[in-house]
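Inspection log for the structure reproduced underneath, given as structure tokens.
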Amino acid sequence: MVYVRTRKFCCCLPVRFGVFFLTLLGTFGGGLLTILEILTLVTEKKIPLDSTQRVSAEISVVIWGLLTAISLLGFVGACTKNRLLISLFSGMLIFQLVLSIATGIFAIVVLFRDNAQVIIDQCLQDERDKGNTSISESDCRTGLALIKGLTVGLYVLIWLLSLYAIIIVNNYVKQLEDEDDVRMANAGEAKTPDATLPVVVATTYNSYNTPSSNAGQYPFADKTQSFGTVMPPSRGGSYV
């Protein structure tokens, strides 16, 4: 009987537990974001949206809704050890990572491309409107630099965590493949009869003990196989 080694992550946690956690996170997190985007579209009359914002909200509803549905299927697959559903969830994670990298790079480029002085002036104006007259331009400039650094760091952290999540799910898919292979191998061994073949020991004398040559007689009992031969007396023979 062959067994499959349980793959782990974070040194000691089984990958199946990681898939459980990721699918639950995707189900509840994606569901929450889907609801928020739907509410944004529903309350459009109170908070008007331009065409770009509306299209962005509609795309977000589709993406987060798809993530929620596939995460739910992934959770079912983790419960039932269904390799197809887990593979589908893995593909969705890869799609999310690619989409996150694309949107993140776009957001970072826009953040660094915008005129910093315009943002600083807006910061000063907002603070003065709130009655904060002690703020200076250097304070807004420092805050802007901090926001840029945190934005880049947050995106990189999200990408690394998403990549690690993909590795965890793929390891569980490979573990399920190994389990299927071992299950088939064990089933094949169970169907094979445990028959013991007789052991035949062959000697160099077997070639002499054949029915055609000796007819069951011991080969060395014949006088021609002895140490001497008796010659007929008429020919003057003697024991040799």
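Observations on the structure shown:
- Which of R113, R16, R128 has the fewest Cβ neighbours within 10 Å, and the rest in rising order: R113, R128, R16
- Distance in nm between pseudo-label sites at V109 and W159 (7 Å out along the Cβ direction from Cα): 1.3
- Burial ordering of S136, S162, S90, S51, fewest other beta-carbon atoms within 10 Å first: S51, S136, S162, S90
- Cα-centred dipole magnitude for the range 8-177, charges only on beta-carbon of K, R (+1) and D, E (-1), debye, nearest 20: 800
- Spatially near lysine pairs across the range 8-177, Cα under 28 Å, sequence gap of 8 or more or different chains: 6
- At 0.692 mPa s and 37 °C, Stokes diffusion of the range 8-177 via Kirkwood alpha-carbon radius, µm² per second: 175
- Going from the residue with the fewest nearby Cβ atoms within 10 Å to the one with the most, L161, L88, L72 rank L161, L88, L72.
No lab work stands behind these numbers, since they all come straight from the coordinates. Since the structure is predicted, the reported quantities are computational estimates derived from the model, not experimental observations. All Cβ positions, glycine included, derive from the backbone under ideal geometry; neighbour counts span all protein chains shown.
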